[in-house]
Every structure is written in structure tokens, then in C-alpha cells.
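Everything on this sheet refers to the single structure shown next.
The values are calculated or read from the model by the stated rules, or taken from the named source; none is laboratory data. Remember, predicted model here, so these are calculated numbers, not experimental data. Note: ideal-geometry Cβ built from the backbone for every residue, glycine included; neighbour counts use all protein chains shown. Heads up: the accessible areas ignore ligands, DNA and RNA and are worked out on the full protein's heavy atoms, side chains in. Shrake-Rupley method; radii C 1.70, N 1.55, O 1.52, S 1.80 Å.
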Amino acid sequence: MSKMSIPDEAVKIFKELKINSSEATWDCHGTPVVLHKYIEIIGAKLNVSIDSLDVIEANAKDGIVSMKCVASIKDRQVISYGECSPKNNKNAYPYAMAEKRAVDRCILKLANLHGFVYSENEIDDKAPASKPKTAEKKVIADEPTVAKFIDEMNHEQSYTEFNTTVKKYQGAMIIAKKDDPDLYNEAKTKYELIKANHTRNLNVQ
């Protein structure tokens, strides 16, 4: 199957959103796959609201992360999950990948595209060869201090221990934010989730 074999229902929805389905998708062994940037465009066009994004399971050491996303459009709400493990992911950003998968699934559901097409993040390891992967990015992704930061942060840390860890890696985060946004966002996502949990606990106390 080629891109031209996208289900008619999906093609109609793309047209209604004024998106070129041929540009927005690619053929992965017979499966129509939507590029992530176009899913973000779809979400923006539909005014999708991400109501919540929570970590259900997390094991940074083993690269296992599961996230739950709740999203809505006006009075319509959907729930979906993003799972990431060595079995279905080979990149260095399990948190970011789990988040993208959960959010992308919700957007596709709200756009009534789920089941007709899939997000490229669902089959990230099979992405087109033309997808940019520079040598510079690989070097930054292997930078040990940022990886240690992601690994050291965990929900079992006390509020003081967590803040100490954050301060320890501030320099590494500054570098990652400039040189590798994906790695930076991976660390930032985990940081914000743990920080939010600490904030809720402090408010309860």
C-alpha cells in the first residue's frame, strides 16, 4: 500500500483540516503513518487541550515509561496511554517518547483519525532514512552528565534531595537546551512531573 491508499475517511478529514495527506504521511510497510509535526498542527487546528499528563510507570534505568494523557475539545474528552520500553523503542529518550505517543494518540482520536492512520512515534525505529540524524546530535545524546541527571531523578527522593540533584545538573541542562532540545525536554519532562508531585505533597501537608 502506498500513501495514495490512505483510507477515504482519513483523506476526507485531512482535506477538512486543509492538510495535504501526501505530505503529512508516509508509507511504512503498508501502514499509513502521520509525521509528528503534522499531528501537532492537527491539534492546534482543532484547539485540542491537554488536560493532564501523568506518569503511570517509570523505570529510567531500564528505559520503561508509561504515561496517561487526558485531552479534550470543548465537551468531548478522550484518554490514551503512551508506553515506552526497550521492546518498542531504541532511542535515548523514553520519557519524551512515552509523552509523544500518549499525546499523539489523543489528538488522533479527537480528530477521528485513530485506527485509520498512526503516529510516526508509534513506529519510531522504522522512520524514513531521510529523517535527520546528525553526528552532532548523537554525540550530545551520549553526553553522560545529562543521562545521569535523568537517571538520578526519581519519585522516591525527598524534596531536599530532589533540589540538590537539580542544582547539580543545572550546567548540563543549559548545554542540552541549546545543543539538543530532545534530550533537554526528556530531562525537563521528568523534572516537572516529580516537582509537581512534591508540590502537591507540600500543599497537602
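Counting the residues of the range 30-40 that are in a strand (DSSP E or B) and buried (at least 20 other Cβ atoms within 10 Å of the Cβ) gives 3. For Lys68, the test of being surrounded by fewer than 20 Cβ atoms within 10 Å (Cβ to Cβ), at pLDDT below 90 and under 30 Å from Lys195 (Cβ atoms) is failed. Kindly indicate the residue of the range 113-160 that is open to solvent by less than 60 Å² (accessible area, probe 1.4 Å), of a type in the set (Val, Ile, Thr) and over 16 Å from Lys61 (Cα atoms) and also modelled with the highest pLDDT among those meeting that condition. Ranking the qualifying residues of the range 113-160, first place goes to Val117.
Hey, does the range 183-192 have a residue that's among the acidic types (Asp, Glu), open to solvent by less than 80 Å² (accessible area, probe 1.4 Å), assigned to a helix (DSSP H, G or I) and at pLDDT 80 or above?
Initial filter on the range 183-192 (among the acidic types (Asp, Glu)): 186, 192.
Among the residues that remain, those that are also open to solvent by less than 80 Å² (accessible area, probe 1.4 Å) are: 186.
Imposing the further condition that a residue be assigned to a helix (DSSP H, G or I) reduces the set to 186.
Retained after the next criterion (residues that are at pLDDT 80 or above): 186.
Looking for residues that are among the acidic types (Asp, Glu), open to solvent by less than 80 Å² (accessible area, probe 1.4 Å), assigned to a helix (DSSP H, G or I) and at pLDDT 80 or above, one finds at least one in the range 183-192, hence yes.
Scoring Asp27 on the criteria (1) assigned to a strand (DSSP E or B); (2) open to solvent by less than 50 Å² (accessible area, probe 1.4 Å); (3) without any contact (Cβ under 8 Å) to a residue 40 or more places away in the chain; (4) within 14 Å of Glu122 (Cα to Cα) leaves a single failure, condition (2). Scanning the range 41-56 for residues that are free of Cβ contacts under 8 Å to residues at least 60 places away in the same chain and surrounded by fewer than 16 Cβ atoms within 10 Å (Cβ to Cβ) gives Ala44, Lys45, Asn47, Ser49, Ile50, Asp51, Ser52, Ile56. Within the range 82-97, residues that are in a loop (DSSP other than H, G, I, E, B) reach partners that are open to solvent by less than 60 Å² (accessible area, probe 1.4 Å) and of a type outside the set (Asp, Glu) with beta carbons closer than 6 Å, at six or more positions or on different chains, in the pairs Ser85/Ile64; Pro86/Gly63; Asn89/Met97; Ala92/Ala141.
Would you check if Asn59 is over 18 Å from the mean Cα position of the chain (by Cα) and either surrounded by fewer than 17 Cβ atoms within 10 Å (Cβ to Cβ) or under 18 Å from Asn89 (Cβ atoms) (or both)? The answer is no for Asn59. Between Glu16, Glu9, the distinction of being open to solvent by 20 Å² or more (accessible area, probe 1.4 Å), more than 17 Å from Glu120 (Cβ to Cβ) and in contact (Cβ under 8 Å) with a residue 60 or more places away in the chain belongs to Glu9 only. I'd like to check something: does the range 93-111 contain any residue that is surrounded by fewer than 20 Cβ atoms within 10 Å (Cβ to Cβ) and either of a type in the set (Asp, Glu) or modelled with pLDDT under 90 (or both)? Checked the range 93-111: no residue is surrounded by fewer than 20 Cβ atoms within 10 Å (Cβ to Cβ) and either of a type in the set (Asp, Glu) or modelled with pLDDT under 90 (or both).
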